[in-house]
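Asker: Below are the structure tokens for one structure; questions will follow.
The values are calculated or read from the model by the stated rules, or taken from the named source; none is laboratory data. This is a predicted model, so every value here is computed, not measured. Glycine gets a Cβ as well: all are built from the backbone with ideal geometry, and neighbour counts include every protein chain shown.
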Amino acid sequence: MAVLYWIKLPEHDDMLTQGYIGATTNLAKKLKSHKHRFKEIWDKIVVQTILIAEIDYCYFLEQKIRPFRNIGWNKSMGGYRNNTMMGKDNPNYGKFGESAPCFKGWWITPLGRFPAAKEAAKVHNTSTTTIERKCRGRFVKDKFYPPKDGYAFEQKSRVAS
């Protein structure tokens, strides 16, 4: 079950225009993550549970209460993950490696050229961090240790826009 909640000050009386409206399946964890944003007034904050229901219904109501950005303390409009395209609705769904929009470059090791450090780590039977360190080098106590021999990171060429 999920919770639709209202974070507000004691003097707030209109949930449609005041405070923060949110939906979550773990209210304690979510409040802990909100605490940094409201740290100056956290001792005055009141958390009110509006509804306990299925998460989809909570997101549906959150979208009705916060249909636009910047209502009350909400920065984003309400609804499922701020209405991002999920799954097959996302045009980048299923794009991995070189065809992915976030592709940065190739990890070059003695055993080959890999589009992801994770793939290189699997072939080398080591961790992703080890591959990243060996290919890019690293700083330790203000000293730079260059990449190991035979290892490199080749950045994807950028197209000027």
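Asker: Collect the residues in the stretch 1-53 that are outside any loop (DSSP other than H, G, I, E, B) and of a type in the set (Val, Ile, Thr), keeping them in residue-number order. Step through it out loud before you land on a result.
Answerer: Going through the stretch 1-53, the residues outside any loop (DSSP other than H, G, I, E, B) turn out to be 2-8, 20-24, 27-34, 42-44, 46-53.
Of everything in the stretch 1-53, those that are outside any loop (DSSP other than H, G, I, E, B) and of a type in the set (Val, Ile, Thr) turn out to be VAL3, ILE7, ILE21, THR24, VAL46, VAL47, THR49, ILE50, ILE52.
Asker: Got a sec? Which of TRP73, TRP106 is hydrophobic (A, V, I, L, M, F, W, C), modelled with pLDDT of 90 or more, surrounded by 10 or more Cβ atoms within 10 Å (Cβ to Cβ) and in contact with a Gly (Cβ under 7 Å, 6 or more places away or on another chain)?
Answerer: Numbers: TRP106 fails: in contact with a Gly (Cβ under 7 Å, 6 or more places away or on another chain).
Only one candidate qualifies: TRP73.
Table: residues versus (1) under 15 Å from MET77 (Cβ atoms); (2) modelled with pLDDT of 95 or more.
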position	(1), (2)
VAL3	no, yes
ALA28	no, no
ASP56	no, no
PHE60	yes, no
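Asker: Still on this structure, please answer the following. Mind checking which residues of the stretch 109-129 are surrounded by 15 or more Cβ atoms within 10 Å (Cβ to Cβ) and either touching a His at 6+ places or on another chain (Cβ under 8 Å) or among the hydroxyl-bearing types (Ser, Thr, Tyr) (or both)? Walk me through it before giving the result.
Answerer: First, pick out the residues of the stretch 109-129 that are surrounded by 15 or more Cβ atoms within 10 Å (Cβ to Cβ): 109, 114-117, 119-121, 124, 128.
Passing the criteria: THR109, THR128.
Asker: Taking the stretch 88-116 as the region of interest, how many residues are within 14 Å of LYS156 (Cα to Cα) and part of a helix (DSSP H, G or I)? Reasoning before the result, please.
Answerer: First, the residues of the stretch 88-116 that are within 14 Å of LYS156 (Cα to Cα): 97-108, 113-116.
Cutting the leftovers down to part of a helix (DSSP H, G or I) gives us 97-99.
Total satisfying the criteria: 3.
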